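Enquirer: Quick one: the structure is below, questions incoming.
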Amino acid sequence: MNALLSPESSVSTQTSMPDDAADDRPVGVVLCHGFTGSPTSMEPWAEHLRAEGFATSVPLLPGHGTTWQDLNTVPWTRWYAAVDEAATELAARTRTLFVAGLSMGGALALRLAQLRGSEIGGLVLVNPAVRSADRRLLALPLLRRVLASMPGIANDIAMPGQDENAYSRTPLNGVAAMMRLWRVVRADLPLVDQPVLLFRSRTDHVVDPSSARMIMQKISSPEATERVLHRSWHVATLDHDAETIFTESADFIRRHAG
């Protein structure tokens, strides 16, 4: 595994304009990485968006980028607070704000849209997770009493040689925190009325199709598009279809930013 990030660090790049030039300010995009992951999975996407003229912020979620044991001590509200803080900072420097998320980062992106409403111009979701059909999770309350972690879910990537810089273990208290986030997000899915572009990998060994299906059925967005990726696995932002995600998301953001 590559060297992990420090607890305080984040990958965050913004472009600012003078306050009297609001009409010339760029569009901002907050990009949220997934559970046990890191900004490594999002930075190539952010780099593409910056090259297209957008400002970006890729916050490191608390409990990530250090050791998996740290993730067992963090409630989901701290993950959301980090994303919300990044959105507030970026919104002050830009004229329109979008949010993107991978896996659990998709749930955080949805929560941001639910709570910030019209401040968010649209969402781009890649293999978002808001539930799981895996019946093994029914045993989680008992398992996490006797086990601190299970084998990791990192690097579900079809393309050889890629590394998302994620934990090698899955902390079970962290999974319980993520499931609490899922419940909150699922309950408020009808509040999401912004345009949505959702990418789903046909082959995903981490998140099953039930999450995407629920999101598309329950959100209130007048425009919601699902794109199926045929060559990538879960971490599609580092996989064969990454350029498709990057290009189509930039077009989507540009179109809805006016």
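Enquirer: With each label point set 7 Å from Cα along the Cα-Cβ vector, what nm distance links V184 and E248?
Expert: Distance between the two pseudo-spin positions: 3.0 nm.
Enquirer: Could you state how much accessible area T244 has, in square angstrom rounded to the nearest 10, with a 1.4 Å probe and all protein chains kept in place?
Expert: Ignoring ligands and nucleic acids, T244 comes out at about 40 Å².
Enquirer: Per residue of the chain, what 222 nm ellipticity follows from adding -39500 (n - 2.57) for every DSSP H run with n ≥ 4, rounded to the nearest 500? Spell out each step's value before the answer.
Expert: Values: 8 runs with 89 residues, N = 258.
Calculated from helices alone, the mean residue ellipticity at 222 nm is -10500 deg cm²/dmol.
Enquirer: Hey, another quick one. Please give me the summed charge of the neighbours of W79: other residues whose Cβ is under 14 Å from its Cβ, Lys and Arg +1, Asp and Glu -1.
Expert: Details: positive: R78, R111, R180; negative: D70, D84, E85.
Surrounding charge for W79 is 0.
Enquirer: Could you report region 51-200's accessible area per residue, 1.4 Å probe, as an integer in Å²?
Expert: On the way: 5950 Å² over 150 residues.
Roughly 40 Å² per residue, with all protein chains present.
Enquirer: At a 1.4 Å probe radius, carbon and sulfur cover how many percent of the accessible area of the chain? Walk me through the intermediate numbers first.
Expert: Details: 5630 of 11120 Å².
The nonpolar share, carbon plus sulfur, comes to 51 percent.
Enquirer: Report the antiparallel proportion of the DSSP beta bridges in the chain as a percent, rounded to a multiple of 5. Each step should come with its number before you reach the end.
Expert: Details: 6 of 30 bridges.
If I count the DSSP bridges inside the chain, around 20 percent turn out antiparallel.
Enquirer: Using alpha carbons only, how many angstrom separate the centre of region 60-134 from the centre of region 222-258?
Expert: Cα centres, region 60-134 to region 222-258: 17 Å.
The values are calculated or read from the model by the stated rules, or taken from the named source; none is laboratory data. Predicted model only: the values in this text are computed from it and were never measured. Every residue, glycine as well, gets a Cβ built from its backbone with ideal geometry; the counts of neighbours run over all protein chains shown. Heavy atoms of the whole protein, side chains included, go into the accessibility calculation; ligands, DNA and RNA do not. Shrake-Rupley method; radii C 1.70, N 1.55, O 1.52, S 1.80 Å.
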